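The values are calculated or read from the model by the stated rules, or taken from the named source; none is laboratory data. What you see is a predicted model, and the numbers here were worked out from it, not measured in a lab. Virtual Cβ from ideal backbone geometry, glycine too; neighbours counted across all protein chains shown.
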Amino acid sequence: MPATGLIARRAWVSGRVQGVNYRAATALRAEQLGVRGYARNLADGRVEVLAIGTCDSVEALLTWLWRGPSFAHVVAVEIEDTDPESLSDTPDFRRL
């Protein structure tokens, strides 16, 4: 874990995750957990999520990604570690 105590993970969420309020719900859940980052739609139908925060808060968000909002149907969540110090800035969740 970096000296800052923060970790970063990227996740790619597949299934019915576009057009069902997935990004907005993810941003709301992230804010509740104190996680920074973003959620954005990809051209291939997935949603990419960058989560930066404490280990517990990021892991809680990653677990939540499997559920998502009520109209979503998640079939896969791919996760990759990211070095938070390699990010040029720490983005706030926003709807991209």
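If you check every pair at least six apart or on different chains, which have Cβ atoms under 6 Å apart with a residue in segment 1-30 that is at positive phi and at pLDDT 95 or above first and a residue that is surrounded by 13 or more Cβ atoms within 10 Å (Cβ to Cβ) and outside any loop (DSSP other than H, G, I, E, B) second?
Close Cβ pairs (under 6 Å, with a partner that is surrounded by 13 or more Cβ atoms within 10 Å (Cβ to Cβ) and outside any loop (DSSP other than H, G, I, E, B)) amount to GLY15/VAL74.
Quick one: in segment 57-80, of everything that is among the acidic types (Asp, Glu) and surrounded by 11 or more Cβ atoms within 10 Å (Cβ to Cβ), which residue is nearest to VAL35 (Cα to Cα)?
GLU59
For segment 34-47, what are the residues that are surrounded by fewer than 17 Cβ atoms within 10 Å (Cβ to Cβ), at pLDDT 95 or above and not small (Gly, Ala, Ser)?
ASN41, LEU42, ASP44 - these are the residues of segment 34-47 that are surrounded by fewer than 17 Cβ atoms within 10 Å (Cβ to Cβ), at pLDDT 95 or above and not small (Gly, Ala, Ser).
Mind checking which residues of segment 1-33 are buried (at least 16 other Cβ atoms within 10 Å of the Cβ), charged (D, E, K, R) and not in a strand (DSSP E or B)?
Residues satisfying the conditions are ARG23, ARG29.
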